[in-house]
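No value in this document is a laboratory result; all are computed from the given coordinates. These numbers come from a predicted model, not from an experiment. Glycine also receives a Cβ, built like all others from the backbone with ideal geometry; neighbour counts cover every protein chain displayed.
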Amino acid sequence: MHSIIMSNAFSILVTGANGQLGKSLQQAAHGFASVRFHFMGRDHMPIEQFGQVRQVLETLRPSVVINAAAYTAVDKAEQESEAAMLTNGEAVGVLAASCNDIGARFIHVSTDYVFDGSATEPYTEDAAVAPINVYGISKLAGEQAAFAAHTNAVVVRTSWVYSQYGHNFVRTMLRLMGERPSINVVSDQYGCPTYAVDLAEALMRLAISTHFEPGIFNYCNAGITTWFEFACAIKQYAGCHCVVNPISTADYPTPAKRPRWSVLNCSKITGAYGVDLKPWRQSLQECIRVLKAHS
């Protein structure tokens with residue numbers, strides 16, 4: 001286990017504080033009483049307002065910035081490419097440069113959608129990137145901007161993120177299963193679900209580690225599944241009676257193409273930072289337990 005930094009002068013600024021990852025980071029922050037946190041939502045610091053970003057970072061001078069702000073509407077991005085590129089690309093470069101200027105660590109969250117899905121083995125961090133939709137292109141631009149602007153940036157690629165907060169696959173499935181007798185879910189796209197609470201804890205580990213290693217790291221929950229199998233597990237753990245039918249990607253056309261295979265190899269982050277990967281089913285059960293407790 002790596003040693004961690006703990007001092008009253010140590011502070012972490014989180015962007016995108018009102019999104020599902022931002023809220024999960026707020027939850028994780030309760031475990032770090034000696035760290036000072038600044039949680040910035042769009043109301044306090046929209047990352048597309050470059051002057052405001054520079055001013056806030058210059059004033060607060062955090063030790064670490066975790067960028068959880070993103071344009072995440074994958075299908076909408078096909079029509080709103082400029083907005084996606086601004087938030088996921090250009091704004092990331094400005095954040096990274098501002099962190100570099102004040103000597104702060106910069107941790108940026110990226111996606112499995114930087115890959116085209118043509119692989120048959122889990123993607124390592126150095127696998128060739130070739131995004132097949134605007135969202136993936138914009139996120140790749142953000143990765144490149146981060147490394148161009150900050151000598152020691154960290155990019156964490158994740159996949160299929162869900163939580164008790166906001167809009168995500170788990171909450172959508174639970175709503176549809178409560179409304180309909182049957183639903184159809186794609187069964188030929190493979191990936192790894194990631195509980196945002198687990199991702200948040202992993203990001204905190206990176207942020208406070210005295211052994212800070214820059215570069216790209218993959219993080220997701222352990223195990224490979226399909227959207228269909230994921231939906232069946234949601235049905236099982238939530239005790240729903242809705243029928244879940246498998247369909248092909250061809251039967252469910254979307255504005256943005258999705259990678260058929262976006263499984264991530266996470267051995268690098270476990271080796272470098274000692275981060276544990278919980279099995280996806282275990283984390284899904286925990287999320288559904290939390291949702292039931294709050295409903």
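Since only ASN245, SER81, PRO214 are under comparison, the one whose Cα sits farthest along the positive direction of the charge dipole of the chain, derived from C-beta charges on Lys, Arg, Asp and Glu, is ASN245.
To the nearest 20 debye, what charge dipole does the chain have about its Cα centre, counting +1 at the Cβ of each Lys and Arg and -1 at the Cβ of each Asp and Glu?
With Lys and Arg at +1 and Asp and Glu at -1, about 800 debye.
Summarising the overall dimensions of segment 94-230 from its C-alpha atoms, the Rg and Dmax are 16.8, 56 angstrom. Placing +1 on the Cβ of each Lys and Arg and -1 on the Cβ of each Asp and Glu in the chain, which of SER98, HIS44, SER24 has its Cα farthest towards the positive end of the resulting dipole? Ranked along the dipole, the leading option is SER24. Residues TYR237, TYR123, TYR162, ranked from the fewest to the most other C-beta atoms within 10 Å, line up as TYR237, TYR123, TYR162. For segment 1-89, the mean projected area of the C-alpha convex hull, equal to one quarter of the hull surface, is 7.1 nm².
Ranked for footprinting exposure by Cβ neighbours inside 10 Å, fewest first, TYR219, TYR273 give TYR273, TYR219. Annotation: the antiparallel percentage among DSSP beta bridges lying fully within the chain is about 10. The angle separating the long axis of helix 280-294 from the principal Cα axis of greatest extent in the chain is about 90 degrees. Considering helices alone, the calculated mean residue ellipticity of the chain at 222 nm is -11500 deg cm²/dmol, with DSSP H runs of length four and up weighted by -39500 (n - 2.57) and normalised per residue. Axis of helix 196-208 versus longest Cα principal axis of the chain: the two differ by about 20°, to the nearest ten degrees. Under a model in which nothing but the beta-carbon of Lys, Arg (+1) and Asp, Glu (-1) is charged, segment 1-144 shows a dipole of about 760 debye around its Cα centre. Within the listed set ASN184, ASN265, ASN67, the residue fluctuating most in the Gaussian network model of the chain (springs between alpha-carbon atoms under 10 angstrom) is ASN184. By the Cβ distance rule (another cysteine Cβ under 4.7 Å), the unpaired cysteines of the chain are CYS99, CYS232, CYS240, CYS242, CYS266, CYS287. Put in order of Cβ neighbour count within 10 Å, fewest first, the listed residues ARG157, ARG180, ARG171, ARG289 become ARG180, ARG289, ARG171, ARG157. Compute the whole-percent fraction of alpha carbon pairs in segment 205-289 spaced more than 18 Å apart. Summing the P(r) tail past 18 Å for segment 205-289 gives 60 percent. Can you match mean projected area of the Cα convex hull in nm² to one of these, (i) 15.9; (ii) 14.7; (iii) 17.8, based on a calculation from the structure here? Correct label, based on the coordinates given: (ii). Cross-link pairs exceeding 29 Å in C-alpha to C-alpha distance, out of LYS235/LYS268; LYS235/LYS278; LYS23/LYS76; LYS23/LYS268; LYS139/LYS292; LYS23/LYS278, comprise LYS235/LYS268; LYS139/LYS292. The alpha carbon radius of gyration of segment 24-63, expressed as a multiple of 2.2 N^0.38 Å, is 1.31.
The angle between the Cα long axis of helix 169-179 and the longest principal axis of the Cα atoms of the chain comes to about 40 degrees, rounded to the nearest 10. If Lys and Arg each add +1 and Asp and Glu each add -1, what is the summed charge of the other residues whose beta carbon sits under 13 Å from the beta carbon of ILE102? Computed value for this residue: +1.
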